[in-house]
1. Of the conditions (1) farther than 30 Å from residue 120 by Cα; (2) part of a helix (DSSP H, G or I); (3) not aromatic (Phe, Trp, Tyr), residue 659 satisfies every one except a single condition; which number is it?
2. Yes or no: region 692-707 includes at least one residue that is among the aliphatic types (A, V, I, L, M) and without any contact (Cβ under 8 Å) to a residue 12 or more places away in the chain.
3. May I ask you to list the residues in region 19-31 that are touching a residue at least 40 places away in the same chain (Cβ under 8 Å) and not in a loop (DSSP other than H, G, I, E, B)?
4. With the requirement that a residue be in contact with a Ser or Thr (Cβ under 7 Å, 6 or more places away or on another chain) and within 29 Å of residue 34 (Cα to Cα), what does region 130-155 give you?
5. Within region 644-669, count every residue that is within 21 Å of the chain's Cα centre (by Cα), more than 16 Å from the ligand (Cβ to nearest atom) and surrounded by fewer than 24 Cβ atoms within 10 Å (Cβ to Cβ).
6. Quick check: is even one residue across region 187-198 in a strand (DSSP E or B), touching a residue at least 60 places away in the same chain (Cβ under 8 Å), surrounded by fewer than 17 Cβ atoms within 10 Å (Cβ to Cβ) and among the hydroxyl-bearing types (Ser, Thr, Tyr)?
7. Report every pair of residues separated by at least 6 positions or lying on different chains whose Cβ atoms are under 7 Å apart, first residue within region 69-98 and among the acidic types (Asp, Glu), second away from the ligand (no atom under 16 Å from the Cβ).
8. Looking at this structure, is residue 477 in contact (Cβ under 8 Å) with a residue 60 or more places away in the chain, closer than 28 Å to residue 420 by Cβ and away from the ligand (no atom under 14 Å from the Cβ)?
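The values are calculated or read from the model by the stated rules, or taken from the named source; none is laboratory data. Everything numeric here is computed off the predicted structure, so don't read it as measured data. Note that each Cβ is placed from the backbone with ideal geometry, even for glycine, and that neighbours are counted across all protein chains shown.
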Amino acid sequence: AFGERKAKAERMFNLMDQFLKNDPISLQKDILYHVEYTVGRSRFSFDDFEAYQALAHSVRDRLIERWHDTHIYFKRTKPKRLYFLSLEFLMGRSLSNSVINLGIQDKYAEALNQLGFEFEVLAEQEGDAALGNGGLARLSACQMDSLATLDYPAWGYGLRYEYGLFRQIIVDGFQHEQPDYWLNFGNPWEIERIHVTYEVKFYGTVEEVDMNGEKHKVWIPGETVEAVAYDNPLPGYGTRNTINLRLWAAKSSNQFDLEAYNTGDYINSVVNRQRAETISNVLYPDDRSHQGKELRLKQQYFFVSASLQDIIRRFKEEAHNNFDELPEKVSLHLNDTHPSLSIAEVMRVLVDEEHLGWNKAWAIVCKIFSFTTHTVVAEGLEKIPADLLGSLLPRHLQILYEINSHFMEDLKKRIGLDYNRLSRMSIVEEGAVKSIRMANLSIVCSHTVNGVSKLHLDTLKIRTFKDFYELWPEKFQYKTNGVTQRRWIVVSNPSLCLLISKWLGTEGWIRDADLLIGLRDHVDNADFHREWKMVKKVNKMRLAEYIETMSGVKVSLDAMFDVQVKRIHEYKRQLLNIFGIIHRYDCLKNLDKNDRRKVVPRVCIIGGKAAPGYEIAKKIIKLCHAVAEKINNDTDIGDLLKLVFIPDYNVSVAELVIPGADLSQHLSTAGHEASGTGSMKFLMNGCLLLGTADGSMVEIIEEIGLDNLFIFGANVQEVAELREQGSTLKVPLQFARVLRMVRDGYFGHKDYFQSLCDTVEVGNDFYLLGSDFGSYLEAQAAADKAFVEQEKWTKMSILSVAGSGRFSSDRTIQEYAESTWKIDPCRCPF
Ligand code: Z16
């Protein structure tokens, strides 16, 4: 029998050995195989998109293989696992990132070349996975890349929205939203797990029952929906580890059916099935306002319930039935408050289903959750109306009240009967609308509360969460955000990538961004400068071409490409940028021919989406277009100044725009941007930064030195003082003049722009555009001056990249792993 088994094993190994080789011939075979048998096209006749699909499937095969190996290894070694819970992941495209992380980019390029295709052209065929809004969601994606690369045994959990963030189209300068049905053409990057499903319950009532003489609360739900898992393998770089991002989709469950069919109305019950599936249909596009909508709450609980059933099943399966061990095996991370219903759900499972008893369950819960907040101002924090929560999740509301009453009792013992403070800290807000404060809940129940930059944490301590900080100072930490250099240099800027590796003499920086500091050794080398400038030129050409196809505007490569791309918000002050541009235009018009020759030509680029219900943000977009139309059609100005709005800014557009920028703007009023991560991407691409000392910019200044960027405006303390001054605030004449031009209809649409102008009128100018305008113009003048001294500019650009190592998400993730999650790397050895 042994001999037989051995022979079988050998046969199997021989077979296994035939699969998935990475030499160009094998890759070609695999691609053609998928053309014929997966895409279903003749291998003699297929177009670019079909080639992309086949290519993607061949990559997918390789990902699946490593995914299996990694998870078999995790299962065998049973390390403590991190579960990263986030309602948003902005993954963008997967193809390039995957083949680069798999280390087979060159092989694929060669294989495709021989088939008569170009890798880059096929990569362009892929649409973005845009399952998130902005910074918070892209941060999750960068952090997943770092978790995989650093070999951490982590899982990401999220929702598989069928419609991602809306597509922005511009009609007559106005934003319109169109649905992003990203799954229309299939998605080769996911694996549908039809057998990994869980029932998620909603509504119903709570009853008290007697069990062995003890009273237990039992939730009798009224509606059941099924969650189906879709797995997205995420490969690390320079490792075999490939971790999982598990996204849930809603399906109507059989239980749902039975009820419906019994009513005898067959057709309607089939139609009603659809209703259940709407839960995971669409991503909410507001990046920081909370409307208290039932569907949103349903999404949150659907996500939480499915993820926790999956996590607890895995925990039990690995023979850790003893829940005391949960904190040693499981770390649950709350990416903002969106998944914070998890806290009530774990309590419900431990108390109602596992019958651990309240105190024991509570002790466990307090050890497994950590929490990152991305918000600065208290008004931005998530609140859920108690009525809404109580009708959808009656048992959870009871649990939340009970958590709160225990907390309040403890708190009284510690701080006495300071009722103002007690009511500020309560998880339950008693007001016109009674509601649950999800941030307070998350703070009370997490062992660690993280800010996303040093300045952010300082603000949380002295303002937003002051009461909590005074109670539990040791809970509060910060982990400055970072971005992955794999996507933001290697994928998006291949020429810079080659140049860096050449001059550092190693590709080691792709795994260890601190090595970038070595570029400082060459900062005065003339050859290096020449090559550096060439790289920027190539990227500017790429961007210029894109601008011309998108907007029809021809731009000069000699001009400074000045970029502000991010979600449109009053606090991010795109309006300050536009007012600066109007001022520049106004000045140009008043210069004579001779003086104009000394002006640094600029191409101003603005891009970003406004939340569909955010009127002022939409007016900012319209103003940008109105100003652009005036300036770009003024033949008298020509190449000296251009303004272009890049529509539908998203991850793949960012990959094109950021490497092509000379200068980038980060203008938030100090104290409003929790961190900001766009700045880090620009920094890594050798763009100089112009901005306020807000969020992580403070740390960027520390790292690369004030000499190498352009900082302006009031700092956090000054902002507070300036706001005190109200209508007595001084604003420069130039600002008043620009404001007048817009009000008077110089750019048309006079009536439409009045309310926008009101927001920055003296006495009403909450974000202090007026009082920062003077120093903004000075910073802009300094940038112009530096751009003319090419050597100086190049040096600053090199030093920006050299100093960007600290802003790799690898550093962030390592800090989280060591000090918050307490997890160790678990590297798959085969
Ligand atoms: C978001 O993207 C952020 C905060 C927030 O409350 C909601 C959303 Cl959707 C951003 C912050 O504004 C930004 O400063 C930060 O860099 C980013 O989250 C990641 O932490």
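1. In the conditions (1) farther than 30 Å from residue 120 by Cα; (2) part of a helix (DSSP H, G or I); (3) not aromatic (Phe, Trp, Tyr), residue 659 misses (1) alone.
2. From region 692-707, those among the aliphatic types (A, V, I, L, M) are 693, 697-698, 700-701, 704, 706; that's our starting set.
Going one step further and asking which of them are without any contact (Cβ under 8 Å) to a residue 12 or more places away in the chain, we end up with 701, 706.
Yes, the conditions are met somewhere in region 692-707.
3. Filtering region 19-31 down to residues touching a residue at least 40 places away in the same chain (Cβ under 8 Å) leaves 19-20, 22-25, 27-28, 31.
Within region 19-31, 24, 25, 27, 28, 31 qualify.
4. The answer is 145, 148, 149.
5. The qualifying residues number 7.
6. So far as region 187-198 goes, no, none of its residues is in a strand (DSSP E or B), touching a residue at least 60 places away in the same chain (Cβ under 8 Å), surrounded by fewer than 17 Cβ atoms within 10 Å (Cβ to Cβ) and among the hydroxyl-bearing types (Ser, Thr, Tyr).
7. Sorted first by the residue in region 69-98, then by its partner, the pairs are 69/240; 69/828; 69/830.
8. On the way: in contact (Cβ under 8 Å) with a residue 60 or more places away in the chain: yes; closer than 28 Å to residue 420 by Cβ: yes; away from the ligand (no atom under 14 Å from the Cβ): yes.
So residue 477 passes the test.
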